[in-house]
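Accompanying notes for the structure given below.
Computed from the coordinates by the stated procedures, all read-outs in this text should not be read as laboratory data. Source: prediction; values computed, not measured. As a convention, Cβ positions derive from the backbone with ideal geometry for all residues, glycine included, and neighbour counts pool all protein chains shown.
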Amino acid sequence: MQFTLQYQAPVSADALLVPVAQQPEMDAVFSQISEKTGIPASLISTDFKAESKEVHTLYFTENQQSKRIFLLGLGKKPRSIDIINAFRSFVFKRKAGLPANVAVSFLHSNAPENPAGWVEAAVNGMLLGGYDIGLYKTEKKNGNPTPDAGARIAIFVTKEHESAVQAAIEKGKATAGTQLEIFTLVNAPANKKTPQTLAQWAQDSGKKYGYRVQVFEKKEIEKHGFHALLAVNRGSEAPPTFIVMEYIPEGKKPLKKIGLVGKGVTFDTGGLSIKPSANMHYMKTDMGGAAAVLGTMELVAKLQLPFHVVGIVPATENSVDAKSIRPGDVIGSYNGKTIEVIDTDAEGRLILADGLTYIVRNFKPDILINLATLTGSTIRALGSYAGGLFSNNDELAGQLLKACEKTGERLWQLPLWDDYAKELKSDVADIKNFSGNPSAGAITAAKFLEAFIEKHPAWAHMDIAGVAVGDSEFSSQKSATGFGIRLLVEYLESLIPSNPA
Ligand code: BES
Ligand code: MN
Ligand code: ZN
């Protein structure tokens, strides 16, 4: 799909897509549409309420040609995520029947005076609407064609905000491009996605967008002493990888050094503390935190943000084998602390422990953020509507929550009080990976991670178990959301002095 800008209502478009927010001033929109189509505004306003994702089609002739207008409802006070989702769902459902010549009009719409925010969301959403989850189908169905790469979509806006809108189109495209790649990666089944696959993805992306990628293979992982990662990997056929990505902005002094760590478990059986079978297939997405870090690295590089960003992904499968670690085993860690493994299904915190200590000791980031599909406990607390946020730094937490507000990728803060750490005291080792008590599991998991950040003063942990996958029009099963990428980029942009939040 390609996007072009135009500054007046077109004569040529065969279909005009008009996004409409549900607000009192909708009448102005309807009278403009009425003028164009000859349909009485009162009828339009009776039939179309601009509910979220409501689509109303109007047919008319213009210069003896048959034309369509799609009114696209956005609901009340639409946030960027609502606009993305409305456009995404429209394109996904209608792409088979859309004429070649489509335009999106922000002239007829009740978009804000400067429509750049809406344009970015619309472009982002339309491109995501082209996603096809049926990668392994041998036959493509009519209703689900791959999108026409050459399709042209005109965007109508006033000339006044030209440069802001042009930049918005570019950002929408950049974001969607990375999100689509990440959808494919997260939704890939574990027999097509090993730790090596994640490493290869990073290497390809780094080459394409100009950031450094270094992959530690098993030998180097042993040499560095990532004992917790090696312990989790023991039961799997595929060796682990430890991916180090580094983006340094060109020609500008970085504002800050940001460290990101993502959980890259390519499949989580639970290990010997094996999971029940009912939802185990979703554990191919247990690398959702890694995906967020990979995607953020790529998008930061595409957008050339003025930050030094380091991304770390420890990657492994958590599998069952005679060689697997057992409940009760005591393992080491990169940190040097010994860990008693009470439950082999609490593996994410083990590999993150190595990633966190490594990044703090070797890169000394100003800000440290990790993302992980870490606990079922977070899902029980917050469902699929928000991830859990933990932070030892109120300013950082506040900035992240503000970015959540803007992007619609929600987090809700939970406490890190030291009382919870008592539950992780081990009789035989420095710490244990599970208290044995399922209550407050999200918080005790966060306390475990905290033991490996070397007292870093500005750390945030996002438990995204409930939000890394979600329901969508793409599939009957839950599938990848790309959670974290827009959020982290928004957070970084909010730190740029000329971009107050
Ligand atoms: N990957 C899971 C967490 C998870 C559960 C993610 C459901 C997405 C959906 C994690 O490795 C895990 O198994 N956590 C255990 C920890 C427990 C054994 C302390 C959990 O939450 O049950
Ligand atoms: Mn697990
Ligand atoms: Zn896991």
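The trypsin sites (Lys or Arg not before Pro) of the stretch 364-429 that DSSP puts in a loop, and whose beta carbon has at most 15 other beta carbons within 10 Å, are LYS425.
At most 12 other Cβ atoms within 10 Å and a DSSP loop assignment: could you name the GluC sites (Glu not before Pro) in the stretch 55-140 that fit?
Working: sites: GLU62, GLU113, GLU120, GLU139; in loops: GLU113, GLU139.
Sparse-neighbourhood loop GluC sites (Glu not before Pro): GLU113, GLU139.
Students often check this: by mean Cβ neighbours within 10 Å, which of 486-494, 326-334 ranks highest, and how do the rest follow?
On the way: 486-494: 22.8, 326-334: 17.1.
Highest mean packing first, the order is 486-494, 326-334.
When Rg and the Kirkwood Rh are both derived from Cα coordinates, the Rg/Rh ratio for the stretch 2-173 amounts to 0.96.
Given just the C-alpha atoms of the stretch 188-494, how large is their convex hull per residue in cubic angstrom? Intermediate results must be reported in sequence, preceding the final value.
Details: hull volume 37.8 nm³, N = 307.
Hull volume over Cα atoms, normalised by residue count, gives 123 Å³.
Restricting attention to the stretch 211-241, which trypsin sites (Lys or Arg not before Pro) occupy a DSSP loop and are surrounded by at most 12 other Cβ atoms within 10 Å? Please list the in-between numbers first.
Numbers: sites: ARG212, LYS218, LYS219, LYS223, ARG234; in loops: ARG234.
In loop regions of the stretch 211-241 (DSSP not H, G, I, E or B), there are no sparsely surrounded trypsin sites (Lys or Arg not before Pro).
For the chain, a simple Cβ point-charge model (Lys and Arg +1, Asp and Glu -1, everything else neutral) yields a dipole of about 640 debye relative to the Cα centre.
Over the chain, what is the percentage of antiparallel beta bridges among all DSSP beta bridges, to the nearest 5? Can you show the working numbers first?
Details: 29 of 72 bridges.
Just about 40 percent of them are antiparallel.
Among TRP201, ILE248, GLY289, whose Cα projects farthest towards the positive end of the dipole of the chain, with charges put on the beta-carbon of Lys, Arg (+1) and Asp, Glu (-1)? About the Cα centre, the residue reaching furthest to the positive side is TRP201.
Annotation: peptides 317-324, 254-261, 356-363, 159-166, ranked by per-residue average of other Cβ atoms within 10 Å with the highest first, follow the order 254-261, 356-363, 317-324, 159-166.
Within the straight-line cut-off of under 16 Å between alpha carbons, the aspartates and glutamates reachable from LYS140 are ASP132, ASP148, sequence neighbours fewer than 8 places apart in one chain being disregarded. Each stretch of four or more DSSP H residues adds -39500 (n - 2.57); spread over every residue of the chain, this sum gives -11000 deg cm²/dmol at 222 nm.
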